[in-house]
1. Take the Cα coordinates of the range A:2-45, assign each an equal point scatterer, and use the Debye formula without solvent to give log10 I(q)/I(0) at q = 0.21 Å⁻¹.
2. Hey, any idea what % of the protein assembly as shown's accessible area is carbon plus sulfur with a 1.4 Å probe?
3. Hey, what's the Kirkwood Rh for the range A:59-101 if you take every pair of different alpha carbons, in angstrom?
4. Please compute, for peptide A:20-32, the average count of beta-carbon atoms on other protein chains lying within 10 Å of each residue's beta-carbon.
5. Specify the residue with the greatest mean-square fluctuation among A:N34, A:N138, A:N129, computed from a Gaussian network of chain A linking alpha-carbon atoms under 10 Å apart.
6. When 1/r is averaged over all different Cα pairs and the result inverted, which Kirkwood radius in Å belongs to the range A:1-74?
7. For the interface of chains A and B, what total accessible area is buried with a 1.4 Å probe, rounded to the nearest 100 Å²?
8. Quick one: divide the alpha-carbon radius of gyration of the range A:40-79 by 2.2 N^0.38 Å and tell me what you get.
Number of protein chains: 2
Amino acid sequence: MSKKPEEYVVDAWIALLRAKEHALDHVEKSFKENGLPPFFWYDVLWELDKAGEKGLRPYEIEQGMLLPQYGLSRLLARMDKAGYVERTPSPVDGRGQQVTITEQGRETRQNMWEVYSKGIQSTVGDTFNEEECRTIQNLLTRLHRQKV
Amino acid sequence: MSKKPEEYVVDAWIALLRAKEHALDHVEKSFKENGLPPFFWYDVLWELDKAGEKGLRPYEIEQGMLLPQYGLSRLLARMDKAGYVERTPSPVDGRGQQVTITEQGRETRQNMWEVYSKGIQSTVGDTFNEEECRTIQNLLTRLHRQKV
DNA sequence: GTGTAATAGATGCGCTTGCATGTAGTGTCA
DNA sequence: TGACACTACATGCAAGCGCATCTATTACAC
């Protein structure tokens with residue numbers, strides 16, 4: 001493994017990079033235009049929304065999220081300040097805290113989804129048919145299923 | 001257009017995001033481990049290397065690059081400081097400058113490519129066969145060919 | 001228990017970024 | 001040639017980030 005890549009490999013790589021940049025830029029811009037918080041906030045709010053009243057510990061949110069520990073720590077501080085989440089000391093672990101979403105946080109996530117889903121539809125949805133979507137998903141999922 | 005996305009659309013979107021993050025993180029990490037500059041530098045060095053002795057104007061580099069004007073301006077300043085590029089006043093436009101790659105810049109680009117190509121191979125190349133690569137390229141290229 | 005290692009999370013520092021704006025040179029139209 | 005818009009690039013400021021490190025607590029070994 002790890003010989004020099006063939007040209008078609010590089011082409012696929014470039015297509016992947018550009019596609020994601022392009023699509024994500026579009027969504028980020030939409031968020032901004034609508035006065036909504038940046039992209040990463042959505043994922044956190046969504047995790048917390050799913051978790052419900054009991055909330056989550058920061059280290060639980062961190063799993064599967066592509067943020068380093070200190071990044072999440074500061075993100076939560078900002079979200080707290082914005083009134084979207086609440087942080088209370090964990091009852092079971094003196095080092096930790098429970099993070100729960102607030103009503104305002106839930107509303108904001110909903111607002112973000114309105115914009116986000118439009119972005120997904122106008123990029124991916126309006127470009128590919130169902131079969132193509134499934135092909136993309138099947139293929140690309142292989143990339144992050146493995147340890148590289 | 002722009003109705004709510006179907007589930008398979010969202011799945012494809014998520015796969016796209018994660019795949020790119022995952023693969024790019026891997027490459028960025030490799031650069032760092034090898035004491036090389038970050039990812040974006042590669043693209044700029046590559047453009048300049050291709051351009052040869054006559055170099056490029058910053059606004060020419062900016063085209064097709066996913067950096068804002070001020071981002072490129074400061075990136076070039078850093079690359080200049082690092083000794084990878086030279087900036088001289090443009091002979092034909094008093095407002096502008098010509099940017100050329102230095103020998104050291106060329107070497108660094110080469111070193112980056114050694115690492116970069118291994119990353120591409122070990123993510124995309126070792127995961128997909130030729131047909132799959134072409135499928136990915138054909139599909140994803142549609143995403144940024146269009147105005148969204 | 002006591003000492004040591006590991007874990008949860010926060011934070012100081014320096015660098016990078018985004019946003020808005022600044023500066024200087026060019027083009028254009030009368 | 002002079003006024004005015006436009007383009008090329010730089011930059012001050014505030015916010016964000018990576019890196020290393022810190023504090024507080026828990027877990028584990030003996």
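1. Each listed q corresponds, in turn, to -0.71.
2. Details: 7780 of 16300 Å².
Within the protein assembly as shown, the accessible surface is 48 percent carbon and sulfur.
3. 10.9
4. 4
5. Of A:N34, A:N138, A:N129, the most mobile in the Gaussian network model is A:N138.
6. 15.2
7. What A and B bury together is about 5800 Å².
8. Relative to the 2.2 N^0.38 Å estimate, the range A:40-79 comes out at 1.04.
The values are calculated or read from the model by the stated rules, or taken from the named source; none is laboratory data. What you are looking at is a predicted structure, and each value in this text was computed from that prediction instead of being measured. For neighbour counting, all protein chains shown are included, and Cβ atoms are generated from backbone atoms with ideal geometry for every residue, glycine included. Note: areas computed on protein heavy atoms with side chains; ligands, DNA, RNA excluded. Shrake-Rupley method; radii C 1.70, N 1.55, O 1.52, S 1.80 Å.
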